[in-house]
1. Picking from B:LYS181, B:LYS258, B:LYS199, which residue would you name as being more than 14 Å from every other protein chain (Cβ to nearest Cβ), touching a residue at least 12 places away in the same chain (Cβ under 8 Å) and closer than 30 Å to B:ARG72 by Cβ?
2. I'd like to know if the stretch A:65-73 contains one or more residues that are within 10 Å of chain B (Cβ to nearest Cβ) and open to solvent by 10 Å² or more (accessible area, probe 1.4 Å).
3. Is it the case that the stretch A:115-126 has a residue that's open to solvent by 10 Å² or more (accessible area, probe 1.4 Å), among the small types (Gly, Ala, Ser), out of contact with any helix residue (DSSP H, G or I) (no Cβ under 6 Å at 6 or more places or on another chain) and at pLDDT below 95?
4. Might you check whether a residue that is within 13 Å of another protein chain (Cβ to nearest Cβ), more than 12 Å from B:VAL201 (Cβ to Cβ) and either surrounded by fewer than 24 Cβ atoms within 10 Å (Cβ to Cβ) or modelled with pLDDT under 95 (or both) occurs anywhere in the stretch B:80-87?
5. Restricting attention to the stretch A:176-198, report how many residues are over 11 Å from A:GLY231 (Cβ atoms) and either at pLDDT 95 or above or assigned to a strand (DSSP E or B) (or both).
6. Among B:THR25, B:THR13, which is the only one that is within 14 Å of chain A (Cβ to nearest Cβ), more than 14 Å from the chain's Cα centre (by Cα) and open to solvent by 10 Å² or more (accessible area, probe 1.4 Å)?
7. Can you tell which of A:GLY311, A:GLY278 is assigned by TED's automatic domain parsing to the domain that holds A:GLN371, open to solvent by less than 90 Å² (accessible area, probe 1.4 Å) and touching a Lys or Arg at 6+ places or on another chain (Cβ under 9 Å)?
Amino acid sequence: MQLSTEHEELRRTVEDFAQKEVAPVIGDFYIREEFPYDLVATMGEMGLFGLPVPEEYGGMGGDYVALCVALEELGRVDQSVAITLEAGVSLGIMPLVRFGSDEQKQRWLPDLAAGKALGGFGLTEAGGGSDAGATRTTAKQDDGDWVINGSKAFITNSGTRITSHVTVTAVTGRDEASGKREISAILVPSGTEGFTVAPSYSKVGWNASDTHELAFSDCRVPEENLVGQRGKGYGQFLSILDEGRVAIAALSVGAAQGCVDESVRYARERQAFGAAIGTYQSIQFKIAEMETRTVAARLAWHDAAEKMAAGKPFTKEASIAKLLSSNAAMDNARDATQIFGGYGFMNEYPVARHYRDSKILEIGEGTSEVQKMLIAKRLGL
Amino acid sequence: MNIVVLIKQVPDTWSERKLSDGDKTLDRASSDAVLDEINERAVEEALKIKEAGDAEVTILTAGPDRATDAIRKALSMGADKAVHVNDEAIHGSDAIATAKVLAKAIGTVGDVDLVLAGNEATDGRSGAMAGMLGELLGWPSLTHANELTVENGTAKAKRETDEGTSDLEASLPAVVSVGEKINEPRYPSFKGIMAAKKKPVTTLGIADLGLDASEVGLAGSLVQVDSFAPRPPKSGGQKVEDEGDGGAKIAEYLVGQKLI
């Protein structure tokens, strides 16, 4: 896949922003574990949150590939900022774009697309992530309301001061024919009585991003807050998970690339035994392998994105891209940290951030094991 | 209001910039080319005037084919249209020859009220274009503006210097060059990038401007580069021995350099 002129210009714009505005300040936010509101606001003004949102709802009218292009450039510099955008769009916005009613779109999308508000998506619970069918949170109908009880774990963008809502999956009954539990998606506005956001988690990485546990205790929202069809909540989520995986793959390729960028620069500068370390074959080979992983992973996300944009099935390609790129990010982060030596262990260095941040790439949005399951399944196993 | 913003594609300041050995002009092929940052501020200022009232913003540049990238960036920020003077004959023009070309090109835009430019490009660094254009057009030029208000047919600018601040005022039409502190330019949005594709760009040669090849380019320039040499490598600098008065000595040095 060749990026179109517009995607290439977007890439350059985001690269410019990431290098000039994110890189100089994000290390301090990370160490303070603080959410970078001003950067998010600028990203909103740039239209990054509205990239795949139709213009009639305040978006840019672009496609999902545009979002992936932006994520790769942000991921190169910092994953916390990139994941804030990724989750903001693929989890906060896309469920409404794909399944929301016109009223819901009118009400929520303009602020979300402008980056003035953020939305979260509550699927994972303490007892299950990828096994989403094991959802224990319930929502019962009562007097024109949904009454929600349960809890959600690891929910990105759910507790910022600009979070407008969280869409949660909940068991809303049993399918009469099959007897299976039906899962629906329900939008809960921030500040609704009975909806509690726990203090931020202490995380290994992504420390400038916002992640919370959520609790729902007799939390009432109007019936019209159902997003999409009743009983289709899980199926709907699965259908947007594939594109989310391409987005995470692009972000991961950015991280892998960031490790290459930093390593090449440092290998030229750093002197040891009378020469720049980049003149030693042990360092050259390491960086050559890092570059190879990055390019292969980029080809994989481009392949998945091309099929996605063409409306072809891309589940297997999305899983391959996600598996390959998250491995590339983690491997490159480990190698880059090794190249940086002691400095690589200092939090203020970008490679140290990538080292801490990249592990979650092998876990979130479907673990590497889940990706392998999906790939094997597509091979008829 | 009809605003023309002058832009220039320059070698990226991060890359190594060279003159070519042949005709001793800028070696454009040897480095990445970008829209000069100070021009982004000029575009931003024009867009702020447009957003506050009613204005049409035209981008004007003189440059080779690849200057279209710089034009597209300015258009994707939100300018309405562009004029691109692209002619082999202008290669090697000095500041005065370039000013002649730009003055003629401004004449093709219609009744222009305001010309905005950066105060100094990062490549040539003559810092004289706004003044020269004002002279050629017979308009006042307010240079190095760090603040600008345009209302009721008047442009008011603040210029900061080492000695203090000057308040400048001129009736329109006028030429204004902007300084680093005037604003923070916006990033183009994706919608802006998409829209820029459809915005009109008029390409003109010097014949369209009523100019003759002998008036521009190396031939028509008063300034020619005879020889050049790379900047000498950085020297060791000045070492201050602290004998209890280190702080004062450093302050003295910085005052001498006009840094404090």
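The values are calculated or read from the model by the stated rules, or taken from the named source; none is laboratory data. Predicted, not measured: the structure shown is a model, and the values here were computed from it. Every residue, glycine as well, gets a Cβ built from its backbone with ideal geometry; the counts of neighbours run over all protein chains shown. In case anyone asks, the SASA skips ligands and DNA or RNA and just uses the protein heavy atoms, side chains included. Shrake-Rupley method; radii C 1.70, N 1.55, O 1.52, S 1.80 Å.
1. Result of the check over B:LYS181, B:LYS258, B:LYS199: B:LYS181.
2. No: zero hits.
3. Looking for residues that are open to solvent by 10 Å² or more (accessible area, probe 1.4 Å), among the small types (Gly, Ala, Ser), out of contact with any helix residue (DSSP H, G or I) (no Cβ under 6 Å at 6 or more places or on another chain) and at pLDDT below 95, one finds at least one in the stretch A:115-126, hence yes.
4. Taking every residue of the stretch B:80-87 in turn, none turns out to be within 13 Å of another protein chain (Cβ to nearest Cβ), more than 12 Å from B:VAL201 (Cβ to Cβ) and either surrounded by fewer than 24 Cβ atoms within 10 Å (Cβ to Cβ) or modelled with pLDDT under 95 (or both).
5. 13
6. B:THR13
7. A:GLY278 is the lone residue from the list that is assigned by TED's automatic domain parsing to the domain that holds A:GLN371, open to solvent by less than 90 Å² (accessible area, probe 1.4 Å) and touching a Lys or Arg at 6+ places or on another chain (Cβ under 9 Å).
Here is a yes/no grid of residues against (1) on the phi > 0 side of the Ramachandran plot; (2) of a type in the set (Val, Ile, Thr):
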| residue | (1), (2) |
| --- | --- |
| A:ARG107 | no, no |
| A:PHE154 | yes, no |
| A:THR172 | no, yes |
| A:ASP175 | no, no |
